[in-house]
Amino acid sequence: MRVESITLHRVGMPLVRPFETSFGRETERDVLLVELHTDSGVGWGECVAGAAPNYSSEYVDGCAQVIERHLAPLLLSATAVQARDLTGLFAPVVGHRMAKAALEAAVLDAELRASGISMATFLGAERTEVECGVSVGISPTIDELLTEVQGYVNAGYRRIKLKVKPGWDIEPVRRVRELIGADLGLQVDANTAYTRDDIAHLGQLDEFDLLLIEQPFDEEDIASHVELARVISTPVCLDESIVSVGIAIDAIERGATSIINIKPGRVGGYLPAVAIHDACVGRGVPVWCGGMLETGIGRAMNVALAALPGFTLPGDTSASDRYYREDLTEPFVLSKGRLAVPTGPGSGITVRTDLVQQLALMRPRTLRP
Ligand code: OSB
Ligand code: MG
């Protein structure tokens, strides 16, 4: 396949409600989309970077620039390219995994559409639907949190994830556990908001029978996660720290993490995500599919990934209406707490280019050889 042009779109997607984490509050998702034209058809990819570099060092403007100046020229100069060649092709650019992943997704989509194979089949999916959880932001009050959680329980979500931070942890978790009862899965995500000094404090979470505690400490601080895992019974799960298969294996072997959140954008793409999945399966470590408030474009591929056999915990693969009033694709609709894995070629969805245009934050930029 030869890439003829790469068009970068920037879309402002209003969220149905603000999403607050320990690192910030978002009311609109600023999304970078990649539209690839090749000699065998079109492909789309979504970049998961946020507007500000507060979840990871990557952010939307930076991704757009590294794609435009460094990655697109490599892709546009390749005479024949497949998704599996991209790690090598992009190797001269250090890091910038979210930018690389957006291009990888578009290449995969184009390549699979051209050969009539679904993303799910290509990645090795074994299920036709996936169990869904929902990630619940920090609320102004516990009462508002309980109302929001009750809405998700009523909608059928299979597990609840609460965002926590110092000052918003033990009490909200206690009240939500009381509300949802003992049988529904509950977990927390701190997005690096704690330090090693908080280990005893975090131990208080053990009484709530949580599925896991996600990334309490800094992304580069594997050692503190090892310390925490030694003293609490709640499993420790890493998100931000896991940027490659090598780091995943190291963190597992050191005892820092016993469950891994896999986000394709964070690890450089769907193929690296599958490599981490395989490494985890080989070591008996369960994985689940994280989310970055994706539109239907990224969601379709995440749902395909989440259908692989090692994804044994419900993911942050929620329905379109948990995020957006109108999605950029046909909506993903929850049915009995599950989403159906798309079956069509490539990601299987149809991009609503009218909406991409309507919500555009800038004029699309087309890059050619
Ligand atoms: O840490 O998992 C996270 C959203 C943006 C950045 C980081 C995270 C999240 C979520 C939302 O938790 C997951 C989703 O529903 O897409
Ligand atoms: Mg997380």
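Here are the numbers for this structure:
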item	result
So residue 46, is it of a type in the set (Asp, Glu), assigned to a strand (DSSP E or B) and buried (at least 24 other Cβ atoms within 10 Å of the Cβ)	yes
Matching entry among 271, 211, 205 (being part of a helix (DSSP H, G or I) and touching a residue at least 60 places away in the same chain (Cβ under 8 Å))	271
Filter pass, residue 111 being buried (at least 20 other Cβ atoms within 10 Å of the Cβ) and either among the hydroxyl-bearing types (Ser, Thr, Tyr) or over 20 Å from residue 293 (Cα atoms) (or both)	yes
Hits in the range 36-73 (condition: touching a residue at least 60 places away in the same chain (Cβ under 8 Å), farther than 18 Å from residue 362 by Cβ and of a type in the set (Gly, Ala, Ser))	40, 41, 43, 56
Scope the range 1-36; condition of a type outside the set (Gly, Ala, Ser), more than 30 Å from residue 188 (Cα to Cα) and surrounded by fewer than 17 Cβ atoms within 10 Å (Cβ to Cβ); matching residues	2, 4
Residues satisfying the stated conditions in the range 223-244, i.e. more than 16 Å from ligand 2 (Cβ to nearest atom) and touching an Asp or Glu at 6+ places or on another chain (Cβ under 9 Å)	224, 232, 233
Matching residues in the range 223-265 - criterion: being in contact with a helix residue (DSSP H, G or I) (Cβ under 7 Å, 6 or more places away or on another chain) and assigned to a helix (DSSP H, G or I)	224, 227, 228, 231, 245, 248, 249, 251, 264, 265
Residue in the range 188-197 that is at pLDDT 95 or above, among the β-branched types (Val, Ile, Thr) and within 16 Å of ligand 1 (Cβ to nearest atom) present	yes
Condition check for residue 217: crowded, with 21+ Cβ neighbours inside 10 Å, within 16 Å of ligand 2 (Cβ to nearest atom) and within 26 Å of residue 52 (Cα to Cα)	yes
Residue that is farthest from ligand 2 (Cβ to nearest atom), among those in the range 277-305 that are in a loop (DSSP other than H, G, I, E, B) and either within 19 Å of residue 98 (Cβ to Cβ) or hydroxyl-bearing (Ser, Thr, Tyr) (or both)	295
Pairs with Cβ under 7 Å, 6+ apart, first in the range 129-141 and surrounded by fewer than 21 Cβ atoms within 10 Å (Cβ to Cβ), second among the charged types (D, E, K, R) and in a strand (DSSP E or B)	129/338; 137/20; 137/163; 138/20; 138/163; 138/165
Criterion: more than 16 Å from ligand 1 (Cβ to nearest atom), over 19 Å from residue 301 (Cβ atoms) and aliphatic (A, V, I, L, M) - qualifying residue of 259, 222	222
Flag for residue 274 being more than 16 Å from ligand 2 (Cβ to nearest atom), within 14 Å of the chain's Cα centre (by Cα) and surrounded by fewer than 24 Cβ atoms within 10 Å (Cβ to Cβ)	yes
In the range 253-262, the residues that are buried (at least 21 other Cβ atoms within 10 Å of the Cβ) and more than 19 Å from the chain's Cα centre (by Cα)	256
Matching option when the condition is touching a residue at least 40 places away in the same chain (Cβ under 8 Å) and either within 16 Å of ligand 2 (Cβ to nearest atom) or within 22 Å of residue 243 (Cβ to Cβ) (or both), among 123, 89	123
Number of the condition not met by residue 56 [criteria: (1) exposed (fewer than 15 other Cβ atoms within 10 Å of the Cβ); (2) in contact with an Asp or Glu (Cβ under 8 Å, 6 or more places away or on another chain)]	(1)
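The values are calculated or read from the model by the stated rules, or taken from the named source; none is laboratory data. The structure displayed is predicted, hence computed values, not measured ones. Reconstructed Cβ throughout: ideal geometry from the backbone, glycine too, with neighbour counts over all protein chains shown.
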